[in-house]
Amino acid sequence: MIIKKSQIKTDESNIRDGKGMVKREFLVESDNLRGKAKLFSRITIPPGNSIGMHDHTDDFEIYYILRGKAQVLDNGELVEVAEGDIVYTADGNSHYIENIGDEELDFIAVVINE
């Protein structure tokens, strides 16, 4: 299967009661993840916006930062991340991510079922 850029579905919404709007590009839609994963998306967050706090109990989430600078609350600790960094959240832990830079924050997000 080849998925052309023109076929990728997108939306712009507030996610998990975060600050402002976030753009999601659903790179591989959930039906094609065959129950193994919930999400494989590219996320773009404008400066000052965020994805709100949420936990991962029955799944785990990986963010791979492509560009920009963010602050992540990772298991109760505030950590700054940037291009090339990875955020991994599992085992019932909670996190949020906020763009603290001057440019868009761009990353790949994958949520995999336990």
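Return yes when ASP106 is without any contact (Cβ under 8 Å) to a residue 40 or more places away in the chain and either in contact with a strand residue (DSSP E or B) (Cβ under 8 Å, 6 or more places away or on another chain) or exposed (fewer than 14 other Cβ atoms within 10 Å of the Cβ) (or both) and no when it is not. If you could, list the steps in order and put the result at the bottom.
Values: without any contact (Cβ under 8 Å) to a residue 40 or more places away in the chain: no; either in contact with a strand residue (DSSP E or B) (Cβ under 8 Å, 6 or more places away or on another chain) or exposed (fewer than 14 other Cβ atoms within 10 Å of the Cβ) (or both): yes.
So ASP106 fails the test.
Here is a yes/no grid of residues against (1) modelled with pLDDT of 95 or more; (2) out of contact with any Ser or Thr (no Cβ under 8 Å at 6 or more places or on another chain); (3) at negative phi:
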site: LEU66; (1), (2), (3): yes, yes, yes
site: GLN71; (1), (2), (3): yes, yes, yes
site: ASP74; (1), (2), (3): no, no, yes
site: GLU77; (1), (2), (3): no, yes, yes
site: GLU80; (1), (2), (3): yes, yes, yes
site: VAL87; (1), (2), (3): yes, yes, yes
site: GLU103; (1), (2), (3): yes, yes, yes
site: ASP106; (1), (2), (3): yes, no, yes
Some residue of region 12-21 being of a type in the set (A, V, I, L, M, F, W, C), within 17 Å of ILE108 (Cα to Cα), at pLDDT 95 or above and in a strand (DSSP E or B): no
ILE2 vs. criteria of a type in the set (A, V, I, L, M) and crowded, with 18+ Cβ neighbours inside 10 Å: no
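Can you tell me how many residues within region 67-83 are charged (D, E, K, R), in a strand (DSSP E or B) and either touching a Leu at 6+ places or on another chain (Cβ under 9 Å) or more than 17 Å from LEU105 (Cα to Cα) (or both)?
Here is the first cut: in region 67-83, the ones charged (D, E, K, R) are 67, 69, 74, 77, 80, 83.
Within this subset, residues satisfying the condition of being in a strand (DSSP E or B) are 67, 69, 74, 77, 80.
With either touching a Leu at 6+ places or on another chain (Cβ under 9 Å) or more than 17 Å from LEU105 (Cα to Cα) (or both) added as a condition, the list becomes 67, 69, 74, 77.
Residues flagged as charged (D, E, K, R), in a strand (DSSP E or B) and either touching a Leu at 6+ places or on another chain (Cβ under 9 Å) or more than 17 Å from LEU105 (Cα to Cα) (or both) within region 67-83 amount to 4.
Counting only residues that are surrounded by 14 or more Cβ atoms within 10 Å (Cβ to Cβ) and either free of Cβ contacts under 8 Å to residues at least 24 places away in the same chain or in a loop (DSSP other than H, G, I, E, B) (or both), how many does region 31-58 have? Give the steps one after another, and end with the answer.
Of the residues in region 31-58, the ones surrounded by 14 or more Cβ atoms within 10 Å (Cβ to Cβ) are 33, 37-47, 49-52, 54-56.
The next check asks that each one be either free of Cβ contacts under 8 Å to residues at least 24 places away in the same chain or in a loop (DSSP other than H, G, I, E, B) (or both); those that pass are 33, 46-47, 49.
Of the residues in that region, 4 qualify.
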Where a residue in region 62-76 is basic (Lys, Arg) and its partner, wherever it lies, is modelled with pLDDT under 95, with Cβ under 8 Å and at least six apart: none
Test result for TYR64, in contact with a Gly (Cβ under 9 Å, 6 or more places away or on another chain), part of a strand (DSSP E or B), among the hydroxyl-bearing types (Ser, Thr, Tyr) and crowded, with 18+ Cβ neighbours inside 10 Å: no
Tally, over region 84-103, of residues that are within 14 Å of ILE51 (Cβ to Cβ) and part of a loop (DSSP other than H, G, I, E, B): 1
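The values are calculated or read from the model by the stated rules, or taken from the named source; none is laboratory data. None of these values were measured; they are calculated from a predicted model. Reconstructed Cβ throughout: ideal geometry from the backbone, glycine too, with neighbour counts over all protein chains shown.
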